[in-house]
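Each remark here refers to the structure printed beneath this line.
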Amino acid sequence: MKTTLVAVAFLVLALGWTSEAVEVEEGGMAFSLEAVRRLQELTDMNMLAAKQSPRLRTSSLSLCADPMLPQELLPLCRQRGASASLARLALVPLDVCEICAFAACTGC
């Protein structure tokens, strides 16, 4: 019984480690899949707000100022061409990335 419990605990930990290991590369930098997922959520929320009121359109600069933006994406905001990089990250197909069938995804 004890051995089974240890084995299950190890499998759960291993699954957690592998899910965190997938990274998305952009502009010579690598970002966790979770950070890219959060960026996509923020982008979707901004697009929804823009549809409701065109005056609420946001640029990548305001996205970089959003406190909900993952901290690991902030260095990208300081680079030249940040808006294009953020737009590309926002379009990464996460379902394909999770199985590492997308060229920008590594760490599987």
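Readers should treat all values here as calculations from the given coordinates under stated rules, not as data from a laboratory. Model, not experiment: these values are computed from the prediction. Neighbour counts are summed over all protein chains in view; Cβ atoms, including those assigned to glycine, are modelled from backbone coordinates with ideal geometry.
Spin-label model, L94/D66: points 7 Å from Cα along the beta carbon direction are separated by 1.2 nm. A crude spin-label estimate for the pair R80 and T3, with each label 7 Å from Cα along the Cβ direction, gives 6.2 nm.
Amide hydrogen proximity for F31: with H placed 1.01 Å from N in the peptide plane, the residues at 5 or more positions away or on another chain lying under 5 Å are V24, E25, E26.
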